[in-house]
Amino acid sequence: MASRDGTALDRETRFARAFHELHKLAPPVAIEDVLSDFADVEYDQLPCPGEAVVVSTPGSRPRVVVSSGLRAKPNRLRFTLAHELGHIVLPWQIGAAICFPYRTLVADDATHADGEAQANRFARELLVPRAWLATQLGDRGGSDLGRRIVEIAAAAGVSPITAAIAMEPAYSFPAATHIIDTNTGREYRSTSVAAAFLVGREMLWWERSAEIASIGGVVTVADFGPYRLSAIHFDPDDAPNVEPQAADAKSILLEVLWGLSSDERKQAQAVFSGIIGHANNSPVARASPAAMLQALRQRFAQSEKFRDVRAHPRFDAYLHAKAAELFSETRVPKRRKGGANSPEE
């Protein structure tokens, strides 16, 4: 099974989706009631670090002991309860770990870490289903995506951090989020499949909203508690039109690089070739000439080394010419073996 972006769903996400449908759940999920159908839930001070523990013996009803301190953090509590439910209902996790109030016995550390990640993915899909998210987001995300994410999180009864991470595979359009705890500096990031090309991991786009706006991106900000959430999205309908150029891209590039030393020119051309090759292999960029231009602008904006080259008055003309040429190349029908043209040619 695949998600709406074509990526394969992991088995715990598929299980959560089936569980959601079987029990006819809808956000905000009454997770404590759901968990109570499978285990006894009690609140107490845990004798060891942690938020909750599952205690069970063969043939008995599981018992989930939750740190009483979580009652003051309702969003975190809900996610923890959904996480513990995952440990109980995911059939392949049965016997993977033996949990006691004082310690957990596992086959090995890797098995334990994988089990925890599975329970997290189960919890996210259960509390913030991708199908529901897609409906909430629409196919554009709206003009204020940052605020919208905070609203969707409130509607699902989860933290905006959980919502932002859950949204990563749900975006049908290029989008990304960055969340920072202003007290500790801890950061959280998510990037949709469609934005992976447009928003490189190395670019601090949330600090450069003015520049992002000049290349077709929209950055919005929303604060919640000590956190600041920045969201970026690209609307295909707002992609810039490609303007015809009198010269080809290669000729314009020679103008742009004129005055550089031979070594500097070679370095710039190597970087440019990498960016252009990446664009040419991106389905997002190949969607239209405008999308190709938008993608090239965004990727070149991430290249700090050649900032002066990008400031050249003819550089944007080069991008227009290159975008048109690249898109034209993707539309040329392939020739049959032996050099004969196909009937469509």
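The values are calculated or read from the model by the stated rules, or taken from the named source; none is laboratory data. These figures come from a predicted structure and were not determined experimentally. These area figures cover heavy atoms from the full protein model, side chains too; ligands, DNA and RNA do not enter into them. Shrake-Rupley method; radii C 1.70, N 1.55, O 1.52, S 1.80 Å.
A few notes on this one:
- For His312, residues with placed amide H under 5 Å, excluding near neighbours: none
- Ligands, DNA and RNA excluded, the heavy atoms of Arg265 present near 80 Å² of accessible surface to a 1.4 Å solvent probe.
- The residues Trp132, Trp205, sorted by heavy-atom accessible surface at 1.4 Å with ligands and nucleic acids left out, run Trp132, Trp205 from largest to smallest.
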